[in-house]
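S.K.: Below: one structure in structure tokens.
Here, each number is a calculation from the coordinates, and none is a lab measurement. Treat the numbers as computed from the prediction; the structure is a model and nothing was measured. Because the Cβ atoms are built from the backbone with ideal geometry, glycine has one as well, and the counts that use them run over all protein chains shown.
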Amino acid sequence: MEENAFLEAAENGDDEAIKRHLAEGEDVDTSDGHRRTALMKAAKHGHREVVQYLLDNGADVNVRDNRGTSALYWASSNGHHEIVQLLIKHRSDVEVHDDRGWSAKDQANYHQHDEIVHMLEEAGAR
């Protein structure tokens with residue numbers, strides 16, 4: 001399956017390409033075959049500026065992929081503190097669980113991202 005250029009730009013942190021695609025009418029919540037959006041891909045790979053731009057342009061912070069994961073899940077798993085803060089600020093659901101029953105907090109805890117665990121608890125994660 002060929003990757004969508006918009007999604008590829010998000011994964012690679014190419015903020016200029018993201019801006020161009022959105023200006024040309026790309027849906028900010030475009031997803032791939034696994035229902036992973038540009039926001040999820042940018043959050044997973046630590047591209048804070050792209051995450052901010054997508055949020056500013058209406059990206060749905062609580063979209064879930066085919067496994068039940070979200071942008072917050074990926075940012076928490078990979079230790080991207082600033083992105084976790086941004087997503088929480090934009091009302092990301094801190095209680096979402098994937099198809100295995102794991103939450104963003106579980107992922108952060110498993111990968112020993114203690115500061116993120118604390119941020120998630122402060123935001124209401126149990």
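S.K.: So what is Rg over Rh here for the range 5-122, counting just Cα atoms and using Kirkwood for Rh?
M.R.: Result: Rg/Rh = 0.96.
S.K.: For the chain, what is the calculated [θ] at 222 nm in deg cm²/dmol (nearest 500), taking -39500 (n - 2.57) for each run of four or more DSSP H residues and dividing by its residue count?
M.R.: Calculated mean residue ellipticity at 222 nm is -14000 deg cm²/dmol.
S.K.: Whose amide H sits under 5 Å from the amide H of Ser31, counting only residues 5 or more places off or on another chain, with H placed in the peptide plane?
M.R.: Counting only residues 5 or more places away or on other chains, the set is empty.
S.K.: Right, something else. Compute the relative contact order of the chain as a whole-number percentage, counting only Cα pairs closer than 8 Å that sit 6 or more residues apart in sequence.
M.R.: 19
S.K.: Something else about it: How about the range 53-126: which chymotrypsin sites (Phe, Trp or Tyr not before Pro) there are in a DSSP loop, with at most 14 other Cβ atoms within 10 Å of their Cβ?
M.R.: Passing both the DSSP loop test and the Cβ count: no residue.
S.K.: Which whole-Hz couplings ³J(HN,Hα) result when phi for each residue of the range 50-55 is put into the Karplus expression 6.51 cos²θ - 1.76 cosθ + 1.60, θ = phi - 60°, listed in order with x for Gly and Pro?
M.R.: Residue by residue, the range 50-55 yields 5, 4, 4, 5, 5, 4 Hz.
S.K.: Which three extents, in angstrom, do the Cα atoms of the range 1-58 have along their principal axes, listed largest first?
M.R.: Cα extents, longest axis first: 27, 25, 17 Å.
S.K.: So what does the Cα-only Debye profile of the range 53-102 read at q = 0.22 Å⁻¹, as log10 I(q)/I(0), no solvent term?
M.R.: -0.77
S.K.: Same structure again: For the chain, with the dipole built from +1 on Lys and Arg beta-carbon atoms and -1 on Asp and Glu ones, taken about the Cα centre, which of Gln52, Val117, Ser31 lies farthest toward the positive end?
M.R.: Going by the Cα projections, it comes out as Val117.
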